[in-house]
1. Just grab the label-to-label distance for N187 and Q242, each label 7 Å out from Cα along the Cβ direction, in nm (one decimal).
2. Within a 10 angstrom radius of the beta carbon, how do I40, I181, I147 rank from fewest other beta carbons to most?
3. What do you get for the angle between helix 153-166 and the principal long axis of the chain? Use alpha-carbon atoms, 0 to 90 degrees, nearest ten.
4. Given the pairs K17/K234; K48/K98; K75/K98; K75/K234; K157/K234; K48/K75, which are separated by over 24 angstrom at their Cα positions?
5. Which of V171, V22, V138 moves the most in a Gaussian network model of the chain with Cα springs under 10 Å?
6. Tell me which of H209, H13, L84 sits at the most positive position along the dipole axis of the chain, charges placed on C-beta atoms (Lys, Arg +1; Asp, Glu -1).
7. Apply 1/(1 + (r/R0)^6) to the Cβ-Cβ distance of E69 and E168, taking R0 = 22 Å, and write down the FRET efficiency to the nearest 0.05.
8. Where the centre of each part is set by its Cα atoms, how far does the range 189-253 sit from the range 78-92, in angstrom?
Amino acid sequence: MKSLLHSNIIEVHNVFKSFGGVHANIDISMHVKKGGITGIIGPNGCGKSTLFNSIVGAHPIDSGSIIFEEREISKLLVGQIARLGLLRTFQQTRIYSKMNCVDNMLISVSHRKDARDGLFAPRKGETLERALSLLEFVGLYSKRNLISGDLSFGQQKLLEFAMALMNEPKVLLLDEPTAGINPTLINGLIDRLHRANEELGITLCVIEHNMRVVMNLAEHIYCLANGRLLADGKPTELQADQRVIDAYLGGGH
């Protein structure tokens, strides 16, 4: 998939977003390369999640532009953007805790043609087969019939990841994928993210506080601070950037 790294699949140009008098994103410009893994770091409250929400249409921007596959999407609704193949996950998992894992997978395709006859449309053999295959992919096949609320938090994160993959995204925005996960599970998650990128061809953009994770994952990293883009570059470049060290790495994150 690395041969696809020749074009930008997402372009963010001079984006401003405010909530009342609070400026969450100030003149943010960045891009996500098709077929790659991009990282976003920065202190709490610097505007990372707001930027993700704006990209997927949850928080319409005040000004600027957001381009996905050469199409302006900043005026589109969340569902319209999702149907284009641009999805996100959340810091706190959004699963159906009283359903088992398989049913979570099946209900996650609600915006696709599979569900055009209703949210609980009859299960199609190929949809169920894909659900089981993806549960195997994330290491949850043996727990497929368990109630998802009984899974560990790390396993719930893996389930949400699989639910997103169920929708066959072109780009997946992952918000703190390792937050709250037992350290022993993190390496397995990193491996699955790499495999989703390389084997399934999914472009990834990852907000992550765990520097070991983001340095092992991302080919290019953006650092935000106080709502602005502070620096960007390769992982090794940001590790040596004194501005990043002072604003983020030096702050005990």
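1. Spacing of the two 7 Å Cα→Cβ label points: 3.7 nm.
2. I147, I181, I40
3. With both axes taken from Cα atoms, the answer is about 80 degrees.
4. Long pairs (Cα-Cα over 24 Å): K17/K234; K48/K98; K75/K98; K75/K234; K157/K234.
5. Comparing V171, V22, V138 in the GNM, the peak value goes to V22.
6. Ranked along the dipole, the leading option is L84.
7. Values: r = 15 Å, r/R0 = 0.67.
The computed FRET efficiency comes out at 0.90.
8. Taking the Cα centre of the range 78-92 as reference, the centre of the range 189-253 is 21 Å away.
Taken together, the values in this text are just the output of simple stated rules run on the coordinates, not laboratory data. Quick caveat: nothing in here was measured; it's all calculated off a predicted structure. Cβ sites come from the backbone with ideal geometry, for glycine too, and all protein chains shown count toward neighbours.
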